[in-house]
Amino acid sequence: FFFFFFFFFQAEDGIRDVERSRGLGDVYKRQAFILLAVAYSKNKQQEKAVEVLDEVLKYCKSYAEALIVKGNLLIDEKKWIEAKECFHAAIRGSKKVATAYLGLANCEYNLSKLKEADTAYMQAIHLGAAIPHERNISSNRVERLNMARVKLKLGNEAAAQEIIEDIFNDLPNNDLTIARALLIKGRIMEKLNNLTDAAMNYEQAANYGCTEISTAALYKLAKLRVREKDYYEAYFNVRRIQVSKAGKKVKTLYNLVDGVFFAGLIDCVLNEKKNQSRSHPIC
């Protein structure tokens with residue numbers, strides 16, 4: 001702890017007087033700036049972290065590591081276009097930076113530029129496999145899920161399913177990434193018109209005990225049942241959602257299914273009264 005505290009303030013002194021400290025060894029000093037920026041970020045001081053990185057980038061505009069860290073900080077703030085510029089600059093400075101392509105892919109994905117995102121993801125994996133210290137790129141959970149989403153949106157269900165199956169094979173069943181992967185697999189099955197398997201995957205995802213994932217899964221399951229015109233099952237699943245914590249589209253579906261179901265019940269009761277002579281109930 002004492003060492004970190006000492007380092008933290010020594011690095012801050014270096015930032016206050018960059019010109020005076022330039023002779024201390026640029027490589028080590030740049031690394032100190034990176035560590036200080038990360039420390040600020042961990043302490044939720046994003047603006048200070050960016051200031052530190054901007055300071056070092058004044059003297060080394062193509063410093064890939066600083067550009068990547070800054071890009072990731074901007075991603076955290078959902079500043080996709082500014083982050084994208086950082087990753088592009090990092091790639092220009094060093095063509096073999098897999099993590100820069102990964103950040104770029106995330107930006108393109110969130111900007112709904114799916115083809116560009118797909119190209120960047122593929123480049124990240126290619127470089128990650130070729131560079132020893134970056135081999136973990138293709139095993140990153142969030143990126144693998146995003147890659148599957150991109151493939152699915154581009155109409156490549158087979159590639160999306162292959163990524164999802166790899167996730168199932170690589171991770172323990174209690175990992176929440178598996179639940180998110182089940183959601184994506186449910187969508188893949190829907191695209192392939194395999195509604196039985198789609199429903200099974202959504203149901204499994206709903207049982208993971210995470211409110212966010214459960215809400216999304218039950219919403220998908222209810223929509224699927226509406227698609228099949230099975231309003232009873234749609235009503236049953238939508239009633240399982242914690243509506244108070246749900247978003248607008250979930251509440252809209254909730255109200256729709258609620259209304260359709262009760263309208264159906266009223267219609268059913270009226271029809272039953274008209275047909276009391278029948279030996280079996282209409283509904």
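Maximal additional length on extending the Asn43-Lys61 stretch stands at 3.9 nm, based on 0.36 nm per residue less the C-alpha distance.
Centre-to-centre, using Cα atoms only, segment 148-223 and segment 26-102 are separated by 33 Å. Ordering 194-202, 57-65 by mean Cβ neighbour count within 10 Å, with the highest value first, yields 194-202, 57-65. Add +1 for every Lys or Arg and -1 for every Asp or Glu among the other residues with Cβ under 15 Å from the Cβ of Arg227, and state the total. Value of the local net charge: +1.
Every number here is computed from the coordinates shown, using simple stated rules; none is lab data. Predicted model only: the values in this text are computed from it and were never measured. Note that we place each Cβ from the backbone using ideal geometry, even for glycine, and neighbour counts take in every protein chain shown.
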